[in-house]
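First the structure, in the form of structure tokens, and then the observations on it.
The values are calculated or read from the model by the stated rules, or taken from the named source; none is laboratory data. Values in this document were obtained by computation on a predicted structure and should not be read as measured data. A quick note on method: Cβ atoms are made from the backbone with ideal geometry, for glycine too, and the neighbour counts reach across all protein chains shown. The protein model used for the area step is the full one, side chains on, heavy atoms only, and it has no ligands, DNA or RNA in it. Shrake-Rupley method; radii C 1.70, N 1.55, O 1.52, S 1.80 Å.
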Amino acid sequence: MTTEVSVTPPPIDVAKRVGQFVKLRDLKAEMKAKHDEELKPVNDTMEMIKDELKQALQQVNADNMKTENGTVSLSMKHSVSTADINAFWTWVVTQGAFDMLYKKPNVTAITEYVQQNGVAPPGVNYSTFQDVGVRRK
């Protein structure tokens, strides 16, 4: 025989929880800033060593070098950003070079489309979720 007991949870003290959240967020920011500050000399030293290793490889015209402590190698990295979106877009369209774009739906435009049409465009997954924001007083 089981007896069901109905227990009403205590009410949530929202003001208390907001205060706790703000304090924790501040603590997190302080800890991150302190951590970043503590890591700065380490990161700076690592960058200096990378510069020296790059110079050493370039001096002997090598792409990599094996040592008893590990291997160092040069690699090419690429970076792009848009200097003039209108000029770039015109070029993409006139050249049919749509592969030059990173294909990702625009959240704002898709949301407006869904609000107007009740459904997302074909091929787009659209979802909405609630998040909690907390501002200090």
Of all residues in the stretch 95-132 being assigned to a helix (DSSP H, G or I) and of a type in the set (D, E), the one that is nearest to S81 (Cα to Cα): D99
Lone qualifier among M65, M48 - being touching a helix residue (DSSP H, G or I) at 6+ places or on another chain (Cβ under 8 Å) and either surrounded by 10 or more Cβ atoms within 10 Å (Cβ to Cβ) or among the charged types (D, E, K, R) (or both): M65
Filter pass, E112 being under 30 Å from V14 (Cα atoms), surrounded by 10 or more Cβ atoms within 10 Å (Cβ to Cβ) and out of contact with any helix residue (DSSP H, G or I) (no Cβ under 7 Å at 6 or more places or on another chain): no
Verdict on K23 being assigned to a strand (DSSP E or B) and open to solvent by 100 Å² or more (accessible area, probe 1.4 Å): no
Matching entry among A33, A120 (being at pLDDT 90 or above, out of contact with any helix residue (DSSP H, G or I) (no Cβ under 7 Å at 6 or more places or on another chain) and open to solvent by less than 70 Å² (accessible area, probe 1.4 Å)): A33
Failed item, numbered, when V92 is tested on (1) at pLDDT 90 or above; (2) in a loop (DSSP other than H, G, I, E, B): (2)
Residue selected from the stretch 123-137 under the condition modelled with pLDDT of 90 or more and exposed (fewer than 10 other Cβ atoms within 10 Å of the Cβ), by the criterion farthest from R25 (Cα to Cα): G123
